[in-house]
Each structure stands twice: as structure tokens, then as C-alpha cells.
Amino acid sequence: MASTQHALLSPAELAYLHAALSLTPPIRPDGRSPAQFRPLVAETGILPGTNGSARICFADGTEAIVGVKAEVERTRGGYEGEIVEGGGAEEVVTDVNDEEKKGESDWVEMTVEIPGLRDDDATTAFLGAMISEALLADGGFSRRLWINRRFHWKLYLDILLISPPLSYPLPLLSLTTHLALLATRLPRLKSEGDEDPFFDDDWAAARYLYPRNKKDGKTTARPPVTLLVMAVGNNIIFDPAKEELAVADVALAVSIGEDATTAATATGDDASLMMDVDSTTAAAAITSARNLRLLSIRTIDPPSRLTPSGVPNATNTAYGAATTQKQPEARTAEAEAVEGVWRAPRGGAKPLVMAALVHKVLEKGGIADEVLDALHAVDLG
Amino acid sequence: MPVTILAPKAMRQDYGQADKQNISDDSDDADSSNGGAELDYAELAKADAEGHTHKRPRIAGGDFEIVTPGEVITDDPQWMRGHGTYVAAGTTSIISSVAGTITRTNKLLSVRPLRARYTPEVGDLVVGRIVEVQAKRWRVDVGATQLASLPLSAINLPGGILRKRTETDELQIRTFFAEGDLLVAEVQQLFQDGGAVLHTRSLKYGKLRNGMFVAVSGMGGGGGVVRSRRQVWTLEAASGGGPIDVVLGVNGYVWISKHVETPEGLVEKTSGITNLDESVSATMYSSQNDRIGPETMREIARIRGVVTALVDNGLRVDEDMVMRGYHEAVEMAMVSSVGADDIYLGGERGEQLAAVLTAV
């Protein structure tokens with residue numbers, strides 16, 4: 001999948017960028033270290049009409065807003081109308097097993113809007129697919145939307161990129177979605193069992209979709225995050241800017257989730273119950289050992305493949321080389337690399353590089369850990 | 001820490017204070033706020049309480065007032081309209097056509113846009129990127145409202161021969177400049193509609209290589225590249241970086257590259273017009289970079305960081321500021337925890353740099 005419109009760069013620039021990024025340590029155009037992200041401004045709760053919302057603004061001016069709206073929907077295949085008055089009383093089981101709480105992926109509807117691109121543009125569709133895929137990969141998320149056997153929450157996620165796509169917007173959109181979901185609250189359920197859901201009017205009593213620990217206000221489980229990682233030579237670079245992506249050998253979108261180690265915490269009600277009962281032990285167990293999980297990996301077709309190759313001085317007619325050159329000769333000249341001349345990368349990614357990329361993301365105290373920690377610190381007002 | 005997440009900046013608090021020293025007082029154009037969205041809730045509530053709507057108060061202090069397109073600046077006929085304003089037919093009110101700050105020169109009202117595209121002027125040194133190749137000319141993106149054009153007849157041919165451009169040249173037009181290529185040129189001529197015609201008929205101009213490009217917004221908001229005495233200079237980089245060329249295009253496109261011995265340098269060594277021509281052909285249309293050491297690359301990235309930090313903090317970009325900023329950045333890196341190799345100048349570090357530069 002091609003990543004947005006490719007940046008138009010001259011072969012000389014591409015050769016320079018590639019050379020600079022292949023050094024050890026790489027020299028990035030904006031001077032960041034390989035694992036450093038662009039500084040970003042984040043806030044939540046900016047849209048009063050939504051269940052949860054967030055805004056993230058990168059220092060380069062790209063900005064995204066995500067709004068989450070929820071509505072109650074009747075579950076298809078649930079036993080609609082089967083409960084007869086009176087007779088249903090026995091059927092209503094108050095404690096439902098976790099296994100029974102199953103979500104479906106169509107409980108989440110996601111729209112991605114990128115200025116200047118059509119809704120059915122391949123890039124937009126692909127971005128939306130990648131973000132929703134990470135969210136729905138393990139079924140843990142849609143399980144949170146379970147109300148009872150007959151009803152569930154339907155979640156609408158509206159992801160808007162406000163600025164023109166100056167760089168590949170995937171990390172920005174994913175981080176914003178993550179924050180918005182963390183800030184999402186659903187009204188507290190007052191009804192019990194499988195009766196028609198009835199909710200508490202008091203918004204202050206609303207429950208967070210990702211319930212948090214009362215003591216330190218931190219959540220026990222977290223929505224997934226998709227990170228953009230690229231490799232140039234043997235260097236692994238995080239959060240690439242547009243011009244960096246333009247010379248990437250490999251670009252990967254890696255989605256990671258935090259596995260709630262004690263699987264029981266995955267469901268909303270149980271987690272809140274646990275918070276009340278034995279918050280100390282549970283919270284300690286979870287915060288101390290973050291259990292990162294790889295949810296999905298997608299290769300992004302780096303725009304570098306479409307770039308024009310540079311012409312070495314030896315074959316440059318404007319440079320003074322003989323004008324009459326046969327085609328086969330030109331081809332052999334292209335095959336061998338000349339220093340300082342840009343050649344678009346050919347072929348696939350090396351397995352070793354791919355493995356190193358994934359390892360770097362997932363390792364303990366690695367990037368994913370730190371990104372999640374940083375997002376933790378955002379005030380979820 | 002790879003990620004720094006900052007809290008959003010608080011809204012300006014002085015925004016709500018009504019400015020009675022406006023050109024137009026509130027009663028004059030009370031109707032102007034009826035059509036648009038009112039964003040100032042505090043003021044709106046106050047207006048509601050008083051039973052009528054108020055014009056959005058402008059930023060107090062009198063230094064600058066921000067207007068948006070379509071906003072009535074005044075309907076007092078004593079004012080004359082300047083750039084960025086228009087007078088609707090049949091009325092006397094002056095309306096802003098851009099978002100920007102009001103400037104008053106005697107009785108002339110004009111609006112300086114916050115963001116503007118580059119307006120070419122004859123003689124400007126610009127950095128451009130080829131976006132289109134046509135039969136006899138190239139179309140060049142110079143950050144203006146329209147693409148500039150570079151005719152085939154306005155470039156130096158390799159070999160330096162002065163001759164008529166032939167069909168052969170037209171056929172191999174891409175060997176000179178292809179799509180995406182960067183070049184430095186001069187604005188030779190302007191069309192009525194503001195489109196520019198460029199030329200590269202000097203040894204100073206031509207294709208760019210051996211370096212890095214950065215686009216900063218030209219003019220508006222105080223930041224950006226300004227026209228100055230010298231747009232191109234060579235500096236001696238710190239920590240063994242060697243000489244580095246900086247080209248500040250008036251259009252806000254900046255090119256920073258390793259300095260290579262220019263043809264002018266060769267001119268002094270050689271003599272005679274034919275030798276000069278030979279040397280021209282040697283560098284003119286090459287897309288092959290020379291060998292560039294990591295030290296040079298690091299310093300080029302540092303200069304790029306200085307330029308972006310200047311723009312991010314609304315400072316002007318010219319030779320003086322870039323040089324001072326660069327020396328300051330080198331000093332800052334010395335005391336940084338990472339060491340002299342630390343070239344990152346984003347976020348807080350950029351603000352720090354700007355603070356030092358404005359303090360002097």
C-alpha cells in the first residue's frame with residue numbers, strides 16, 4: 001500500500017538523505033535521535049458532545065481530532081422478544097461468564113477523514129483499516145461494549161486529520177484514537193441482567209470504557225497503539241518525517257496492545273469490581289509488569305520505490321558523456337551502485353531487519369513501553 | 001525519553017477585554033457579528049445580558065488587531081483601502097480579504113496576512129523545484145500562487161556554448177532538469193497575473209546537490225525569510241564540518257549544502273573563456289553527490305534545525321540570525337548531556353535558542 005502522495009524530491013536530495021540516515025548513528029534531517037518522536041501537544045475532552053475525544057498536534061503542524069460517540073444497539077442473534085413477562089425472571093442470570101461476553105467487530109464503526117483525499121481513496125481506507133484492525137484484533141475491545149445478551153454499545157469513531165497530510169499520518173491518528181478511547185466514558189448501567197438497558201443520568205457517574213485504578217488514576221488495560229517504524233540500511237528509525245520515509249528501505253506499521261495479564265480485567269464490569277475489592281494487589285501486579293502484545297504488522301510500501309534514480313556523472317549526457325548510448329549498456333550501468341547517486345531500493349525487506357524492528361518495538365523498556373508511559377501522563381480531564 | 005507530550009497552551013486571557021480605541025466603535029458595525037460564528041463566550045454572555053450582540057472585541061493593546069476575511073474593518077469613509085482589503089459595491093465599508101493584522105499608514109488601511117504565499121519580484125533569488133517538464137520550458141514550484149516557468153532558452157547549456165536551442169535540446173530536456181530537481185534561479189520577468197519567469201544564466205545559479213532542503217513559510221507572522229543584502233553565503237562549520245553553503249531563497253525555500261569549489265573559484269585559477277566553459281559543464285547538471293563526511297552532514301542538519309527553530313518561534317531568517325543562531329546552537333550542544341553531537345533543536349530547545357537570540 002502506497003503511503004500518501006510521495007514527496008517530490010530530487011535524486012541528489014534522496015542520495016544525501018539516504019547517506020545521512022545510513023550512518024551510525026544516523027543523522028536525521030531534524031536532528032532527532034533514531035528513537036525520538038516529534039514533540040507533540042495532546043489534550044482530551046475537547047468535544048463536549050462526544051463520549052470521549054482527543055486532539056494531538058505535532059510540532060510540524062499536523063493535527064488530528066478524534067471523537068467517540070456511543071449508542072445502544074440491539075444485538076443481532078440475541079434472543080429478542082423471547083423473554084416472556086414473568087417467565088423471563090428465571091432466565092436472567094446475573095453473573096455472566098466472561099466467555100459469554102463476546103463482541104463483534106461491527107460494533108465499532110470508524111471513519112477516517114483526510115483533507116484533500118476522497119473517503120474511498122485507497123490511502124484513507126487503508127489507514128482506517130489499519131487502526132480498526134489493531135483495535136479489533138483480539139476481540140478484547142468489542143467485548144467492552146457488551147451490555148447484556150440483547151444489547152450492546154455501538155461505537156462510532158470519527159478520526160479527522162485537520163491539517164494537510166504533511167507526513168504519513170498513521171502514528172498521529174493512532175495516538176489520537178488511543179487517547180480518545182482512554183477518555184471515553186459510557187453512562188453507568190442501572191438495569192440488571194438482560195432487561196432493556198437503563199442508564200444513570202448522572203454523567204459524573206459514567207464509567208470509563210477503560211476503567212482506571214482509583215489510587216493513581218491509571219488504567220489497567222489500554223487501547224492499542226500503532227507505531228510507524230522504518231529502516232534505512234541497518235538503522236531503525238521511529239516516527240519518520242515525510243522526507244525520511246521517502247528514502248526508507250522498509251516501513252512497518254506495528255500495532256501493539258497491552259495485554260491485561262489477568263485476563264479477567266479485560267471486561268469493564270469485572271475490572272471496576274476488582275478496583276473496589278482488591279485494588280492494591282491487582283494494580284500492583286499489572287503496573288509492575290506490562291505485558292506488551294503484538295497485534296498486527298503491516299508493511300507500508302515506502303514511497304522510495306517510486307522515486308527516479310539519479311544519473312551517475314559517467315552516463316550523464318548533460319555532463320559531457322557521449323550522447324549515443326545503447327539501451328543495454330545503460331541498464332548495466334544502472335545495476336551497479338555509484339556512491340552519491342540515488343538508486344530506488346529494490347526487492348523486499350531482509351528478515352533480519354524485520355525481526356530487529358519488531359524486537360526494538362517490543363523489548364522491555366523499549367519504545368512501546370515509553371510511548372505508553374508518556375500517554376499515561378496525559379491528563380484525561 | 002523518546003516522546004515528549006506537552007499540554008496545550010492556555011488561551012490568551014486579555015482577549016476578552018473590549019478595546020474602545022478601535023477604528024470603529026461597537027455600535028457602528030454591530031450587525032457585522034450577526035453573520036459569523038461568535039467564539040468569545042464570555043463576551044457573548046455579556047452581550048446577551050445587555051440585550052444586543054457586540055462586535056467581537058479585538059486584541060487590546062493597539063499593537064496589532066487581527067481580522068478575518070469578510071470582516072468589516074470600518075465603514076468610516078475617511079479611510080482609504082490598501083492591500084488585503086476591498087470595498088463592496090455600493091457601500092463605503094472596508095472589508096478585510098485576508099486573515100491578518102491591520103496596519104495603518106496615515107489614512108491608508110491595509111491588512112498584513114498572517115500567512116501568505118510568496119509574491120515574486122524581478123531580481124529575487126529563489127530556490128525552486130521542478131514539477132513539470134514541458135516541450136520548451138519547465139514549470140517550477142517556488143511557493144507562489146502560480147508555478148513559475150523556466151524556459152529552455154534561459155539556462156546555460158552544458159559546454160557553455162552560446163548557441164540557438166535546437167530540437168535535440170528539446171528532446172533531451174530532462175537531462176538538464178527533471179521532475180523533482182531543485183534549482184536556484186533568479187526571477188527575470190513577471191507576467192501581469194503575477195506569474196514569474198526564471199533564469200539560471202549565471203554560474204551562481206543552477207541545479208542543487210550535496211545538501212538538504214527545507215521549506216519555511218515566507219513572510220507573514222514575523223517569521224520566515226526576508227529580503228536582505230545577502231541571500232547566499234558560505235560559513236565555516238564548527239567541529240570539523242568544513243565550509244557549508246546556505247542559500248536562503250526569498251520565497252522561503254532554503255538550501256543548505258556542502259561547499260564545493262565553485263566555478264568562480266576555478267575561474268581565478270584558469271584563464272580564458274573556453275576553460276571557464278569546460279568547468280561549467282563539469283558541475284552544472286550532475287545529480288551525483290560528492291563524498292560528504294559525517295561531520296559535515298551533522299553540521300548541515302544543525303543549520304537546518306536553526307532555520308526551523310527560527311521560523312517556529314516567529315523570528316526572521318536572514319544571514320545574521322542564522323549565523324548567530326548557529327553559533328548559539330553549537331554552544332548549547334557543548335553543555336548538552338549528549339555532547340557536541342547533539343543537534344536536536346526542536347520543541348523546548350528551539351524555544352531556548354530563540355530566547356537567547358532575542359535577548360541579545
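Throughout, read-outs are computed from the coordinates displayed, never taken from laboratory work. Quick caveat, the model's predicted, so the values are computed rather than measured. So basically every Cβ, Gly included, is an ideal-geometry build from the backbone, and we count neighbours across all protein chains shown.
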Cα centre as origin, Lys/Arg/Asp/Glu Cβ charges: the stretch B:125-359 dipole, Debye
660
To the nearest whole number, what is the average tally of beta carbon atoms from other chains within 10 Å of the beta carbons of peptide A:17-29?
4
Under the definition of partner shielding as Cβ atoms of other protein chains within 10 Å of a residue Cβ, what is the mean value for peptide A:304-311?
3
Using DSSP to define loop residues, name the chymotrypsin sites (Phe, Trp or Tyr not before Pro) in the stretch B:150-207 whose beta-carbon has at most 12 other beta-carbon atoms within 10 Å.
B:PHE191
Which cross-chain or sequence-distant (5 or more) residues have an amide H under 5 Å from the amide H of B:HIS259, H modelled 1.01 Å from N in plane?
B:ILE244, B:ASP245
Translational diffusion of the stretch B:125-359, µm² s⁻¹ [Kirkwood Rh, Cα pairs; Stokes-Einstein; 20 °C; 1.002 mPa s]:
113
Per-residue mean of other chain beta-carbon atoms within 10 angstrom of the beta-carbon, peptide A:366-373?
2
With bins 10 Å wide starting at 0, give me the P(r) of the stretch A:114-256 over every alpha carbon pair, in whole percents.
10, 32, 30, 19, 8, 2
Trypsin sites (Lys or Arg not before Pro) in the stretch A:100-140 lying in a DSSP loop, each with at most 14 other Cβ atoms within 10 Å of its Cβ, come to A:LYS102, A:ARG118
Short version: ³J(HN,Hα) in whole Hz for each residue of the stretch A:36-46, in order, from phi by Karplus 6.51 cos²θ - 1.76 cosθ + 1.60 (θ = phi - 60°), x for Gly and Pro, what are they?
8, 8, 5, x, 9, 10, 10, 8, 10, x, 8
